[in-house]
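Below: the structure, in structure tokens.
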Amino acid sequence: MLSFMIDTLNYDNPLITRYASQEMSQLWGSQRKFSTWRRLWVALAEAETELGLPITEEQIAELRAHTDDIDFDVAAEYEKKLRHDVMAHVHAYGDLCPKARGVIHLGATSCYVTDNTDAILLRESMRLIQRRLVTVIDRLARFAAKYRDLPCLGFTHLQPAQPVTVGKRACLWVYDFVLDLAELEHRIGTICCRGIKGTTGTQASFLKLFNGNHEKVRQLEKRVCDKIGFAKAFAVTGQTYPRKIDSQVIDVLSSIAQSAHKFATDLRILAHRKEMEEPFETHQIGSSAMAYKRNPMRSERICSLARFVMSMPANTAATLASQCFERTLDDSANRRLVLPQSFLALDAILIIAQNVTEGLVVYPKVIERNLQAELPFMATENILMAAVEAGGDRQELHELIRQHSQAAAAVVKQEGGDNDLIKRLRNDPAFAAVNVDAELEPRLYIGRAPEQVDEFIAEQIEPIRRKYDNILASETSAELRV
């Protein structure tokens, strides 16, 4: 088990100690990384044996027996002496496998283990993110369906606009995630492994091992790919797999983070308006000084972590752009930070997002009050048309509505009073033939919003639910770690 004990002397990465899941943390942990290196060495030895190289079954059995019992202290001592992490682990593995020592890493370059391992970890991490993303989509879609026809004030430019419904607005949040899922699926489906390409991607060392037999080298790569779970290797590489891949993967993570940030920001604004809230627990403290506070800390945390993930594409883009010719080593230290931490942060974001979507609180009375405060202005066009139909002059009526609207706005803005526009129109003889109050029904102004929710869920969400029914059937409620 991965320990989450706090080291009181040294810096702890909060992504590990506070936010991300153990599942994602273990995926990028040292045990998983270096045991994968050893499995790659086993796969290479097996494939080389199958194609005729003099490696015995006894040697391969010895390698298989020690894939997981890694002495990290021994490896660290070797690295201190050799200043090379891969060779340090070759020697540490060789100490446990004396019979197979001489065939470990045969024909390979360091990136055979480092980059193939990264490809494996990237794909598995994306699958974990996929699982979390599908769950958030499902939970938000349930919320959208529940509130499909609850009218609420719309906003453009952060100013009151034509009414929508709570469910229709939620579909905007969901759809961003749906589009992200399509991109994520594409990346999972198209990522390749590095294969066995040699020091500069020419496979020269393997061609030498097989005495110039090109077909055997091709077969070796295919067999290794099969053994490590990939349909194919990248078509061409330098010493590393194309760093374009890191950039593309991190772009997808950033896109999901952007969607989460938008959702959480909207929710924070709605909490400010007291229309909706994220979950707030019985003993939760909003402020150490202001005991009445109900701060949207979950949504704020989503935004905070999302900002971190959203900053990463610039990093991977710079790494890609600066990889001269077949490879430079200035990518290495950088990637040790960017790749795992981007996944850890997004893992945390989606756990929090699921927790929020499973406990969203809606206040219909506040929503109605806020809508009614602005609805008189929005109803004026309908009132105008009704007055014209009753025989009024359109231009004269328009001018009267303009004057009444400005006067009512002055009461609200300058005097802090209630919007009295409807009262003014009721008392104006020019509108005597109009049932002004009948035009204040909110559902007159929400268009097809409820039907759009139904159609969106049927056409966009249900296919996702069917495709990932095994994931949704097994997912449990999300809880925050802190």
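Please report the projected area of segment 366-443's Cα convex hull averaged over all directions, in nm².
Averaged projected hull area, Cα only: 5.0 nm².
Kirkwood-based Rg over Rh for segment 22-103 (C-alpha set), two decimals? Mind showing how you got there, number by number?
Numbers: Rg = 13.4 Å, Rh = 13.3 Å.
Taking Rh as the inverse mean 1/r over Cα pairs, Rg/Rh reads 1.01.
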Under the 7 Å Cα-to-Cβ spin-label approximation, A409 and A314 lie apart by a distance in nanometres of 3.9
Determine the gain in length on full extension of the stretch R466-A204; use 0.36 nm per residue of separation and subtract their C-alpha separation, reporting nm with one decimal.
89.6 nm
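Looking at segment 369-448, which trypsin sites (Lys or Arg not before Pro) are DSSP coil and have at most 12 other C-beta atoms within 10 Å of their C-beta?
Details: sites: R369, R394, R402, K413, K423, R424, R426, R443, R448; in loops: R448.
Filter output for segment 369-448: R448.
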Using a 7 Å offset from the Cα along the Cα-to-Cβ direction at both R426 and A321, what is the distance between the two label points in nm, to one decimal?
6.4
For D226 paired with A76, estimate the spin-label separation in nm (one decimal), with each label point 7 Å from Cα along the Cα-to-Cβ line.
4.1
For segment 210-247, which trypsin sites (Lys or Arg not before Pro) are in a loop by DSSP, counting at most 16 other Cβ atoms within 10 Å?
K232
Can you figure out the FRET efficiency of Q26 with D251, using R₀ = 30 Å and their beta-carbon distance, to the nearest 0.05?
0.75
Convex hull over the Cα atoms of segment 408-450, averaged projected area in nm²?
4.2
Suppose R0 equals 45 Å. What FRET efficiency, 1/(1 + (r/R0)^6) with r the Cβ-Cβ distance, do R336 and R64 give to the nearest 0.05?
0.95
Mind checking the log10 I(q)/I(0) for the chain at q = 0.12 Å⁻¹? Debye, one equal scatterer per Cα, no solvent, two decimals.
-1.08
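Could you check how many percent of all C-alpha pairs in segment 47-196 are farther apart than 21 Å?
Details: 7324 of 11175 pairs.
The proportion of pairs with Cα distances above 21 Å equals 66 percent.
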Could you tell me the distance between the Cα centroids of segment 321-363 and segment 388-406, to the nearest Å?
57
Please give the Cα centre distance for segment 120-157 versus segment 1-71, rounded to the nearest Å.
34
Kindly provide the chymotrypsin sites (Phe, Trp or Tyr not before Pro) of segment 320-416 that DSSP labels as loop, not H, G, I, E or B, and whose Cβ sees at most 10 other Cβ atoms within 10 Å.
F325
Theoretical FRET efficiency, 1/(1+(r/R0)^6), r = Cβ-Cβ of L444 and H186, R0 51 Å, to 0.05:
0.75
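All of the numbers you see were taken from the coordinates with simple rules; none came from a lab. Note that the structure is a prediction, hence the values are computed from the model and not measured. Here Cβ is always computed from backbone atoms with ideal geometry, including for glycine, and neighbour counts include all displayed protein chains.
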